[in-house]
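Colleague: Before I ask anything, here is the structure I am working with.
The values are calculated or read from the model by the stated rules, or taken from the named source; none is laboratory data. Fair warning: this is a prediction, and the values are worked out from it, not measured in the lab. Here the Cβ positions follow ideal geometry from the backbone for every residue, glycine too, while neighbour counts run over all protein chains shown.
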Amino acid sequence: MIIGIILASGFSRRMKKDKLLLEVEGIPIIERVIKACRESNLDEIILTYRRKEVANIGEKYNIKTVYNENAHLGQSEGMKLGVKEAKEASAYMFFVGDQPFITSDLINRLIGEYKKNKSEILVPFYKGNRGMPTIISSNYKDELLEITGDKGARNLVNKYIHKADKFFVEDDRLGMDIDTIEDLVL
């Protein structure tokens, strides 16, 4: 089972307002990510959140929502919550909540590539830049649960980059995450 874990408990410090609730084409950014995940071949989806408004959107799509009471300790806390909740996972597919142009088609292509290559780690590259969502085998569960701070699984991927498969995506817009108001002006 490949379980999607949407990391949506950040503080949007660079944006200075909750970017996950900002709308792109009339839909909140986090809802766009959730919708793409729901329309994909993921076996289950877990949303780690800090704000109730974000959880409400997840509940609207009938996905598992988990409150991150330690969000102030960094992205790793949301990641670990998701991993702990994903009890039946053979792999975790990590999403950031501020990637509004992600599509179910891209998610399905990544899942297909991961399964076809029997990958341990699959990392998408957008115009040469490493991005999200990354798929990591549950064989790395213990190491994922040891990560601290605001890094997510970046250091783990770096440590095992020799075992990682790369998936090149031509449309870098699909991998774009929103950090500033300027990012929303396309």
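Colleague: Read through the list (1) touching a residue at least 24 places away in the same chain (Cβ under 8 Å); (2) surrounded by fewer than 16 Cβ atoms within 10 Å (Cβ to Cβ); (3) not in a helix (DSSP H, G or I); (4) not aliphatic (A, V, I, L, M), then give the number of the only condition that Pro124 fails.
Modeller: (2) is the only condition that Pro124 fails.
Colleague: Cβ-Cβ below 6 Å, separation at least six or inter-chain, first residue in the stretch 61-73 and of a type in the set (A, V, I, L, M, F, W, C), second modelled with pLDDT of 90 or more and in a loop (DSSP other than H, G, I, E, B): which pairs?
Modeller: What qualifies is Ala71/Arg50.
Colleague: Another question about this same structure. Among what's in the stretch 127-141 and is surrounded by 12 or more Cβ atoms within 10 Å (Cβ to Cβ) and small (Gly, Ala, Ser), pick the residue that is nearest to Gly10 (Cα to Cα).
Modeller: Result: Gly131.
Colleague: On to the next question. Taking the options Ala89, Ala153, name whichever one is of a type in the set (Gly, Ala, Ser), touching a helix residue (DSSP H, G or I) at 6+ places or on another chain (Cβ under 7 Å) and over 30 Å from Glu25 (Cβ atoms).
Modeller: Ala89
Colleague: Another question, then. Please verify whether Val83 is crowded, with 16+ Cβ neighbours inside 10 Å, outside any loop (DSSP other than H, G, I, E, B) and either touching a Cys at 6+ places or on another chain (Cβ under 8 Å) or without any contact (Cβ under 8 Å) to a residue 60 or more places away in the chain (or both), treating the condition exactly as stated. Let's see the steps before the verdict.
Modeller: Values: crowded, with 16+ Cβ neighbours inside 10 Å: yes; outside any loop (DSSP other than H, G, I, E, B): yes; either touching a Cys at 6+ places or on another chain (Cβ under 8 Å) or without any contact (Cβ under 8 Å) to a residue 60 or more places away in the chain (or both): no.
No, not satisfied.
Colleague: Here's a follow-up. Just to verify a result, which residue in the stretch 1-19, among those that are under 16 Å from Asn68 (Cα atoms) and either assigned to a helix (DSSP H, G or I) or not hydroxyl-bearing (Ser, Thr, Tyr) (or both), is modelled with the lowest pLDDT?
Modeller: The first filter runs over the stretch 1-19 and keeps only residues under 16 Å from Asn68 (Cα atoms), leaving 5-12, 18.
Pick out the ones that are also either assigned to a helix (DSSP H, G or I) or not hydroxyl-bearing (Ser, Thr, Tyr) (or both) and you get 5-8, 10-11, 18.
Details: Ile5: 97, Ile6: 97, Leu7: 94, Ala8: 92, Gly10: 71, Phe11: 58, Asp18: 69.
Result: Phe11.
Colleague: Let me spell it out: the conditions are (1) among the polar types (S, T, N, Q); (2) more than 13 Å from the chain's Cα centre (by Cα); (3) not in a helix (DSSP H, G or I), and Asn108 meets all of them except one. Which number is the exception?
Modeller: (3)
Colleague: When the residues of the stretch 29-56 are filtered to those that are more than 16 Å from the chain's Cα centre (by Cα) and either under 17 Å from Val96 (Cβ atoms) or in contact (Cβ under 8 Å) with a residue 24 or more places away in the chain (or both), which remaining residue is surrounded by the most Cβ atoms within 10 Å (Cβ to Cβ)? Please lay out each step first, then the result.
Modeller: Within the stretch 29-56, the first condition is being more than 16 Å from the chain's Cα centre (by Cα), and the residues that meet it are 51-53, 56.
Subsequent filtering for residues that are either under 17 Å from Val96 (Cβ atoms) or in contact (Cβ under 8 Å) with a residue 24 or more places away in the chain (or both) retains 51, 53.
Numbers: Arg51: 18, Glu53: 13.
The selected residue is Arg51.
Colleague: Oh, and also: Just checking, how many residues over the stretch 26-67 are among the charged types (D, E, K, R) and part of a strand (DSSP E or B)?
Modeller: Summing the residues that are among the charged types (D, E, K, R) and part of a strand (DSSP E or B) in the stretch 26-67 gives 2.
Colleague: Just for the stretch 110-119: of the residues that are crowded, with 16+ Cβ neighbours inside 10 Å and modelled with pLDDT of 95 or more, which one is nearest to Lys159 (Cα to Cα)? Quick ask: steps written out before the conclusion?
Modeller: Initial filter on the stretch 110-119 (crowded, with 16+ Cβ neighbours inside 10 Å): 110-111, 113-114, 119.
Retained after the next criterion (residues that are modelled with pLDDT of 95 or more): 110-111, 113-114.
Values: Leu110: 21, Ile111: 22, Glu113: 21, Tyr114: 19 Å.
In this case the residue turns out to be Tyr114.
Colleague: Tell me, please, whether a residue that is under 26 Å from Asn155 (Cβ atoms) and without any contact (Cβ under 8 Å) to a residue 40 or more places away in the chain can be found in the stretch 87-103.
Modeller: Checking the stretch 87-103: at least one residue is under 26 Å from Asn155 (Cβ atoms) and without any contact (Cβ under 8 Å) to a residue 40 or more places away in the chain.
Colleague: Hey, could you check the stretch 142-160 for residues that are within 19 Å of Asn68 (Cα to Cα) and surrounded by 15 or more Cβ atoms within 10 Å (Cβ to Cβ) and say which is modelled with the lowest pLDDT? Write out each step before concluding.
Modeller: First pass over the stretch 142-160, keeping only residues within 19 Å of Asn68 (Cα to Cα): 144-153.
Next, only the ones that are surrounded by 15 or more Cβ atoms within 10 Å (Cβ to Cβ) stay: 144, 147, 152-153.
Values: Leu144: 95, Ile147: 90, Gly152: 78, Ala153: 88.
By that ranking, first place goes to Gly152.
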